[in-house]
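Structure first, then comments.
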Amino acid sequence: MVSMLGENQTDLIVRAKAGDTDSLGELLEAYRSYLGLLARLQIDRRLQGKVAPSDLVQETFLQAERAFAGFRGSNEIQLTAWLRKVLATQVVRLYRHHQAKRRDYKLDRELEAELNQSSLILQQNFRSRQSSPSGSAARREEAVLLADALARLPPDYREVILLRNLENRPFAEVALRMDRSQSSVKSLWTRALARLRDELGELS
């Protein structure tokens, strides 16, 4: 679902912290695309396709709902940082389950750092494609806006950008993953980036 919080985000956080479950549900739903994108990257790195990104996000939402009383932030930057921690906890839990490993606090820290780095990469991609975000965009986390824009793309456009730009895979590997020729993938990538620029331009 595309994030539509806009200026009422702070109010949603306040109401959710006051115990309004509907507001909490609406608040978390606004980050489904963002968390799904980060989950996808972690699944490829750590879980090797053993779980679907949507399942990992749902588990993250369930844990976030249970733990939200402990959230001490008041804005989106603090909320996304907290959600990344919750997501990292779920990745660690599933990783231990599939690898039959005990709790490793070093792994916890590594995963949190990886998620933070992935979010930073999203922000950098946003800045490279939209040099002067609108006032609305400036009030939002750039990584969240980019994740929402990617979610609006056709699946093949989204996939080629994820593989090429966010996972830094060479065109030869992208072509293999997508079962296309390299020339076809390069053409698809060019069209996908143009479409993404259009989506981000709607924020202006």
Taking Leu38 as the residue in question, decide whether it is at pLDDT below 95, of a type in the set (A, V, I, L, M, F, W, C) and closer than 17 Å to Ala147 by Cα. yes
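Return yes when Arg129 is more than 24 Å from Ser74 (Cα to Cα), out of contact with any Cys (no Cβ under 9 Å at 6 or more places or on another chain) and at pLDDT 90 or above and no when it is not.
Numbers: more than 24 Å from Ser74 (Cα to Cα): yes; out of contact with any Cys (no Cβ under 9 Å at 6 or more places or on another chain): yes; at pLDDT 90 or above: no.
No: the conditions fail for Arg129.
Taking Arg195, is it under 20 Å from the mean Cα position of the chain (by Cα), among the basic types (Lys, Arg) and not assigned by TED's automatic domain parsing to the domain that holds Leu122?
Values: under 20 Å from the mean Cα position of the chain (by Cα): yes; among the basic types (Lys, Arg): yes; not assigned by TED's automatic domain parsing to the domain that holds Leu122: yes.
It is true that Arg195 is under 20 Å from the mean Cα position of the chain (by Cα), among the basic types (Lys, Arg) and not assigned by TED's automatic domain parsing to the domain that holds Leu122.
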Can you confirm whether region 183-199 contains a residue that is surrounded by 16 or more Cβ atoms within 10 Å (Cβ to Cβ), among the β-branched types (Val, Ile, Thr) and under 19 Å from Gln123 (Cα atoms)? no
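The values are calculated or read from the model by the stated rules, or taken from the named source; none is laboratory data. Everything numeric in this text was worked out from a predicted model, so none of it was measured. Cβ atoms come from the backbone with ideal geometry, glycine included; neighbour counts cover every protein chain shown.
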